[in-house]
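Colleague: Below you will find the structure I want to go over with you.
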Amino acid sequence: MVAASAVGLLGLAAAPWTVSQTAQISALEQQIRQRAGLSLAHHGRSVFAVLPRPHIRIYEPQLRDADGELMVSASSLRVDLGFGGLLTGTLDLARAVLADAIFTVDAARLPAALTTVSARSIDGLGDLEVTHGKIFVRRAGVERPEIAADDIGARLEWSRAGAPLSLTGQARLPAMGEDHAPSRFALWTAQPDRLLGGGASAITLRFEDEGLQVVINGALTLAQAPRFEGQVAASAASLRTAAGWVGVPMPLPGPYRDARLKADAILESGQLGLTNLTISVDGNALDGAASIRFDGQRPSAAATLASASINFTPMFEDYPAAEANGQWARETFPPARLNAADLDLRLSAKRARLGDLQFEDAALSIILKNGRLDLSLAQARAYSGVARARAVVAESEAGLDIRGSLSAEKLDIAPLLWDAAKRQILTGAVGLAASFETSGNCFADLAARLDARGDFSVAAGEIYGLDLDLAFRRMERRPLSVGADLRSGRTPFDGLSAKFNVVQGVADVEEGAARGGAVALFYSGRLNVAERSVDLHVNASRADAEGTALQFGFNIAGAWDEPAVTLDAEGLIRRSDAAAPLLPAPRPAPPN
């Protein structure tokens, strides 16, 4: 009989029974308010069971703070109770589980809410687990809360006041994409009660994802103006992708692959400051300082960086090749994103590279403000000379509006032409001054709409593929043979110069001249940038041993990659004693 009674009691203890407005629920609500500063605003039915361990399960609970900055709803709240509390008639909260929890936070008022919570004496939160949770954020001017995290599985452990707090788990961030796997995180703080009391506490935060890893160590203060000071280290497979996940769009082109960052950091009042900053991205290593502001209409960043060697080529790998099959490419440019953020970047590099073009001691500034991009190469040593350039870029219905200027002094043009076009047609030291403007959404448009003007000069060089000395020697003996082997050899000159004026992709070349020794060369004509063709007329002259001037003309016309050189045949025939009679006699002048 005793055994039967014991079995009956155990069965009664193991079977859950409905609890309505009981003392247990009231005591539980009081502890939730004391520990978390939240009130149990609403709940459904509740059950209490003793086995497998004593617990209370509340269905459809809704919790909130006094001002509504934080609201929590769940399908159920299970609270495991300690056996000791049952023996003494009190509730001893051992562990709590929020299933299908939804946290709704007012982003603007959260710091004030934390300050309010800190005014109360909190004796830890115990062991809290969240399953299948979500976080929504309310923002001013946005009608509906926005989801910030989904599929949350987390565990918080804070046994008592004065003890450290740890929060570990995983969550899926919708900004990473709906199909992205959940990311892992771990937060540890040494003195959470002091933190909530307005003081500082050491914290460590780790975030791990297949595309982004972040480690933050330092001191955090939660007050009217939260502040963090410490160190941050991060790595990302693509900095552009990772920055987009956290709401910091990258306005400049490029993938920014294999990015690594390490810095001392201060975060306060909507501004992140980074000092002792080291960055490695796309194989480039840079050092300096940076700051990012989040309190304006758009994110704003400023940085001063230096590099021993930097390669800009990866920035433009998403752009199509400039030409295809001898014509300018018509493939459209990728989106410019110039309105995504503001930027003030000052960059210096001992060596810099863009494609095959190389520079030394380059000083650049990149200023992006309100969708207007100002690129400036203040100065760089290049090809034994000095180069300067500036371009202002803005978006329009036509694509990109670009205008700017460039200048160069004493550049060694031979290696420059080889690196830029893989052609060897000229040597010497070039000087250039030009201004330009154009617009378009592909290279073909930019070429067709190009307007520019300027002048250039080349000192102490040679023209490849043109042997004027041989031509004049042939001319002295047999004028009609001057064209033989004209396109072989080289022609030295002391100086070569011209002016140009480009209107809608067509350049008029004026005042073209080259002089070297007794030889003088004058040229003029047109260069069609849009069609990549040339049409120049050239007159060459030289005084012979008796002081008589020898001269002939020729044309350079056709595609500028392989133009044809044709002689002014009529002029040569007139110089030939044997062939001149074959030309028609000039008509006599009409009588008065």
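The values are calculated or read from the model by the stated rules, or taken from the named source; none is laboratory data. Note that this is a predicted model, so its numbers are computed, not measured. Every residue, glycine among them, receives a Cβ derived from its backbone with ideal geometry; neighbour counts consider all protein chains shown. Remember, those area values only see protein heavy atoms, side chains included, never the ligands or the DNA or RNA. Shrake-Rupley method; radii C 1.70, N 1.55, O 1.52, S 1.80 Å.
Colleague: Magnitude of the Cβ-charge dipole of region 225-382, K/R +1 and D/E -1, about the Cα centre, nearest 20 debye?
Modeller: The dipole magnitude comes to about 120 debye.
Colleague: Provide the solvent-accessible area of ASP287, counting protein heavy atoms only and rolling a 1.4 Å probe, rounded to the nearest 10 Å².
Modeller: For ASP287, solvent-accessible area is about 80 Å².
Colleague: Another one. Under 12 Å from the 7 Å Cα→Cβ point of ALA433, by amide nitrogen: which residues of region 379-422?
Modeller: Correct set: 406-409.
Colleague: How much net charge surrounds ALA414 when only the other residues with a Cβ under 11 Å from the Cβ of ALA414 are counted, with Lys and Arg +1 and Asp and Glu -1?
Modeller: -2
Colleague: A further question follows. Need one value: the accessible area of PHE48 in square angstrom, 1.4 angstrom probe, rounded to the nearest 10.
Modeller: In the full protein context, PHE48 sits at about 20 Å².
Colleague: So how tilted is helix 2-14 from the main axis of the chain? Cα-based, degrees 0 to 90, rounded to 10.
Modeller: With both axes taken from Cα atoms, the answer is about 40 degrees.
Colleague: Related question: Compactness ratio of region 217-280: Cα Rg over 2.2 N^0.38 Å, N = residue count?
Modeller: Scaled against compact globular proteins, the figure is 1.24.
Colleague: Still on this structure, I have one more. Which FRET efficiency value, to the nearest 0.05, is calculated for ALA27 and GLU143 with the Förster distance at 45 angstrom and r the Cβ-Cβ distance?
Modeller: So the FRET efficiency works out to roughly 0.70.
Colleague: Hey, rough spin-label estimate for ASN217 and ASP127, points 7 angstrom out along Cα→Cβ, what's it come to in nanometres?
Modeller: About 2.9 nm, to one decimal.
Colleague: Still on this structure, I have one more. Amide H neighbours of ALA285 under 5 Å, at least 5 residues apart or on other chains, H built in the peptide plane: list them.
Modeller: SER309
Colleague: Next question, about the same structure. Any number yet on Rg/Rh for region 316-369, C-alpha, Kirkwood?
Modeller: Looking at region 316-369, the ratio lands at 1.07.
Colleague: Could you list, in their original order, any pairs among LYS350/LYS422; LYS134/LYS262; LYS369/LYS410 whose Cα atoms are separated by more than 27 Å?
Modeller: The answer is LYS134/LYS262; LYS369/LYS410.
Colleague: Might you tell me the accessible area per residue for the chain, computed with a 1.4 Å probe and given in Å²?
Modeller: Accessible surface, normalised per residue, equals 54 Å².
Colleague: Between ALA324 and VAL506, 0.36 nm times their residue separation minus their Cα-Cα distance comes to what?
Modeller: 63.5 nm
Colleague: Normalized C-alpha radius of gyration of the chain, against 2.2 N^0.38 Å?
Modeller: 1.57
Colleague: Follow-up question, since we're still on this one. Under 12 Å from the Cβ of GLU268, count the other residues' Cβ atoms, weight Lys and Arg +1, Asp and Glu -1, and hand me the total.
Modeller: Local charge sum for GLU268: 0.
Colleague: Please give, to one decimal in nm, the separation of the simple spin-label points placed at ASP561 and ASP150, each 7 Å out from Cα toward the Cβ.
Modeller: Using points 7 Å along Cα→Cβ, the separation is 5.0 nm.
Colleague: Tell me the carbon and sulfur percent of the accessible area for the chain, rounded to whole percent, probe radius 1.4 Å.
Modeller: Solvent-exposed carbon and sulfur of the chain make up 56 percent of the total.
Colleague: What are the ³J(HN,Hα) couplings of region 152-168, residue after residue, when phi is run through the Karplus curve with 6.51, -1.76, 1.60 and θ = phi - 60°? Round to Hz, x for glycine and proline.
Modeller: Calculated HN-Hα couplings, in order: 7, x, 9, 9, 10, 10, 8, 6, 6, 4, x, 8, x, 10, 10, 9, 10 Hz.
Colleague: Work out the FRET efficiency for ALA459 and GLU317 from their Cβ-Cβ distance, taking R0 = 51 Å, and round it to the nearest 0.05.
Modeller: 0.90
Colleague: Relative to the first principal axis of the alpha-carbon coordinates of the chain, what is the inclination of helix 468-477, with its axis defined by its Cα atoms, in degrees from 0 to 90 and to the nearest 10?
Modeller: 20 degrees
Colleague: Compute the length gained on full extension between ARG388 and ASP258: take 0.36 nm times their separation in residues and subtract their Cα-Cα distance, giving the result in nm to one decimal.
Modeller: Gain on stretching ARG388 to ASP258: 43.7 nm.
Colleague: Rank MET250, MET475 by accessible area, highest first, at a 1.4 Å probe radius?
Modeller: Largest accessible area first, the list is MET250, MET475.
Colleague: Continuing with the same structure: What order do ARG155, ARG372 take when sorted by accessible area (1.4 Å probe), most exposed first?
Modeller: ARG372, ARG155
Colleague: Given the DSSP H assignment, sum -39500 (n - 2.57) over each helix run of at least 4 residues in the chain and divide by its residue total; what's the result at 222 nm in deg cm²/dmol, nearest 500?
Modeller: -4000 deg cm²/dmol
Colleague: For the chain, what relative contact order do you get, as a whole percent, if you take Cα pairs closer than 8 Å and at least 6 residues apart?
Modeller: 5 percent
Colleague: Using only the alpha-carbon atoms of region 324-434, report the extent along each of the three principal axes, biggest first, to the nearest angstrom.
Modeller: Ordered largest first, region 324-434 gives principal extents of 43, 37, 23 Å.
Colleague: For ASP374 and ARG403 in the same chain, what is the full-extension length gain: residue separation times 0.36 nm, less their Cα-Cα distance, in nm?
Modeller: Length difference between fully extended and current span is 9.5 nm.
Colleague: Would you tell me the accessible area of ILE56, worked out with a 1.4 angstrom probe on the heavy atoms of the protein chains, in Å² to the nearest 10?
Modeller: 0 Å²
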